[in-house]
Structure formats: structure tokens, C-alpha cells
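What follows is a set of notes on a single structure, which appears directly below.
Just so it is clear, none of the values below were taken in a lab; they were calculated from the coordinates. This is a predicted model, so every value here is computed, not measured. No Cβ is skipped: glycine too gets one built from the backbone with ideal geometry, and neighbour counts run over all protein chains shown.
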Amino acid sequence: MELADNDIIKQALDILEQRITKEKFDEDLKQYCCLQIGSFTVEAFAVVLLDVANNFLGFKVITTGTVKDVVVFPREIARIALSYNASRIIITHNHPTGEVWPSKNDLDLTTMLRDALQLVDVELVDHLIVGGSKVLSLKEEGLYAN
């Protein structure tokens, strides 16, 4: 029996969800985000939800936008984090152009969300930008410090 592409991607996502742990957190999570939003033709903004020990609780696409931007509301991010009882989150969005370097708006949004989430005791761990199969971590690039 031959598996359809969607079935293969679903299986890959299931495997990566099981592997996203504090030991193999970074690369598995990057692959997971690529599979989730890397092929979107418009910008999509999503949240990876984690407990205090970095255990994976869920992934939620919050909103989609246009080919060049997406509108994000801090209250929606906080509401989703609290509904999952998440202590930590990683935000991620895609750039349909494939370019992963952050814009000034991306950097400003990260800082604003970090500050807003601190008020409800949710730590913003990182912001990942996906461009096709490439991923940039603002934290790894020294562009974000929580």
C-alpha cells in the first residue's frame, strides 16, 4: 500500500512531536516548523507550546496574513498559551519568499510579545522564522534574549 504525501507528512509530524524534548529540542523543532508552515504561500504565525520542562504540549497556527505580512495580537497568544497551561512558548512564522532574515517588525514583535507574556508568567523562549526548508532562530543569531 502506497502512502499519500499528506500521510507521510502526518507521520513525520507525529514522530517529531515525540522527539521534541529538551535533549533534541532545536533541530527536531526546526524540522517540525518547516513541515507545518514552510510551504505556506502567505505568512502564517504559529505558537509551539511547552511545559516548564520543555515537553511539547502542542502547536497552533494563530493566524495567516498576506504574502508579506501577518497581524498578531498579544492577547491571542496569551489566551492560547494559558488554554494549554503552557509555561513556555516559541513563536514561529514563515516568510513565503524563502528569506529567513528578520525584519525590524519581526524583532519589534518578538520584544513586545516577550514583555506582554511576562505579565501572565509565560516565557517566550525563541522566535523561529521559516523560509521553505530553512529556519532561523533569533536566539541562536543573538537577536533575542529572554
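Backbone N atoms of the range 116-146 closer than 19 Å to the 7 Å Cα→Cβ label point of residue 26 belong to residues 124-131, 133-146.
Express in nm, to one decimal, how much length is gained between residue 83 and residue 63 on full extension, taking 0.36 nm for each residue of separation and deducting their alpha carbon distance.
On the way: separation 20, 0.36 × 20 = 7.20 nm, distance 1.67 nm.
Working it through step by step, the gained length comes to 5.5 nm.
Once you order the gyration tensor axes a ≥ b ≥ c over the Cα atoms, which shape class does the range 5-137 get: rounded for a/c under 1.5, otherwise prolate or oblate by comparing a/b with b/c? Judged from the Cα gyration tensor, the range 5-137 comes out oblate (a/c at least 1.5, b/c at or above a/b).
What FRET efficiency comes out for the pair residue 112/residue 7, r = Cβ-Cβ distance, R0 = 41 Å, nearest 0.05? Don't skip to the end; give the middle numbers.
Working: r = 39 Å, r/R0 = 0.95.
Efficiency, rounded to the nearest 0.05: 0.60.
What ranking do 32, 84 get, fewest neighbouring Cβ atoms within 10 angstrom at the top?
So the residues, fewest neighbours to most, are 84, 32.
With both labels modelled 7 Å from their Cα along Cα-to-Cβ, the residue 103 to residue 53 distance reads 4.0 nm.
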